Amino acid sequence: MIKKLFAAVLLVFMTVMLYQLYSNITEKSELSGVSRGYAERGASELGTQNIVTSIVVTYRGLDTLGEVSVLFIAATGVAVLLRRRKEDEPAVTAAKRQSSEILQTGTRLLTPIIIMFGVYIFINGHLSPGGGFQGGAVIASAVLLLFLSDINYKINHGLFNVIESFSGVFYVLIGILGLLLFGVNNFLDNRILPLGEFGTILSAGAIPVIYSLVGLKVGTELASIIDNMKKD
Amino acid sequence: MELQHGIIILMGLAMILSAILAMVVKDLISSVVAVGVVSLFASIIYLLLQAPDVAMTEAAIGAGLSTLIFLYALHKTKDAEEEND
């Protein structure tokens, strides 16, 4: 009884709070402050067609480093917690059911296409919506599909760890290169490479390189998390 | 424009409905799927509100990966339950 009363009071409280927020929203007809600066300067200064990318990768590159670190720590935490338990108690290899024929055939057909789409997303990060994180997540979902279709499927841990570490290190190195070449406010500056022609795939300086590194890192990290989760 | 508002409101209602469903349903697997559906509708709303970058992240991580991680976790806890019986 008292539990339900408490829940109801909490609900009313939340409603009041959210209504306060909602009633204060006014639709803005134009950009203001820093967002206007980003929108106006992004295309001409950095040569990116997608403004979100120019903000995520260059203007707020340091925040992206934080984001990458959070994901890295999460993946490491999962690996440490779940791998140790696996070593303690030997894996029980119970007879598992094979996945269905439809799933197996569908996976064989779709996996290359999904991986290609993921790569497309992060290579075109400066031109179209999406980027390293989204592309990486799509690649990880392809690996997930492989796990689902074949219960004995194993990923190459050594290779995945090497890819993950190298892309992380190169990401930070490119970031520091920006600091060295353009001054203290320019962590992760894409102008270390020529900007190229606006709207083509090899444009926007180092952004395709940076996003490929981020995509590989995120993809391998999420795939390792899934792999650790899956193991018994 | 009006049609789009209607669609967004419908999606929002569907989100609330599947969220309630996730709590009410007895079967845990259905519950996890309902949570995934909430993310899926959220990603469509993001797309309609002109935020394709966020929509992609939500669809891939919210609807795809996290749902499956929940399913794996559920599978593991079920195994443990059977061992205890």
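What to note about this one:
- Dipole of chain A, positive direction: furthest Cα of A:Ile163, A:Ala8, A:Leu127, with charges on the beta-carbon: A:Ala8
- Per-residue HN-Hα couplings for region A:5-18 [Karplus 6.51, -1.76, 1.60; θ = phi - 60°; Hz; x = Gly/Pro]: 4, 4, 4, 5, 4, 4, 4, 4, 4, 4, 4, 4, 4, 5
- Of the solvent-accessible surface of region B:2-84, computed with a 1.4 Å probe and all protein chains present, 75% belongs to carbon and sulfur.
- Taken over the protein assembly as shown, the convex hull of the Cα atoms encloses 202 Å³ per residue.
- Cleavage-rule hits (trypsin sites (Lys or Arg not before Pro)) in chain B: DSSP loop, at most 16 neighbouring Cβ within 10 angstrom: B:Lys26
- For B:Asp53, A:Asp150, the ranking by accessible surface with the largest value first comes to A:Asp150, B:Asp53, using a 1.4 Å probe.
- Accessible area ranking (1.4 Å probe, heavy atoms, ligands and nucleic acids excluded), largest first, for A:Tyr19, A:Tyr153: A:Tyr19, A:Tyr153.
- Fraction of C-alpha pairs exceeding 14 angstrom in region B:2-84: 66 percent, rounded to a whole number.
- In Hz, Karplus ³J(HN,Hα) per residue of region A:54-59 (6.51, -1.76, 1.60; θ = phi - 60°; x = Gly, Pro): 4, 6, 5, 8, 10, 4
- DSSP loop GluC sites (Glu not before Pro) with at most 12 other Cβ within 10 Å excluded, longest remaining stretch of chain A: A:31-196
- Candidates A:Val70, A:Val52, A:Val214, ranked by Gaussian network fluctuation over chain A, Cα under 10 Å, top entry: A:Val70
- Cα-centred dipole magnitude for chain A, charges only on beta-carbon of K, R (+1) and D, E (-1), debye, nearest 20: 660
The values are calculated or read from the model by the stated rules, or taken from the named source; none is laboratory data. Because the structure is a prediction, the values reported are computed rather than measured. For neighbour counting, all protein chains shown are included, and Cβ atoms are generated from backbone atoms with ideal geometry for every residue, glycine included. Keep in mind that these areas ignore ligands, DNA and RNA; they rest on the heavy atoms of the full protein, side chains included. Shrake-Rupley method; radii C 1.70, N 1.55, O 1.52, S 1.80 Å.
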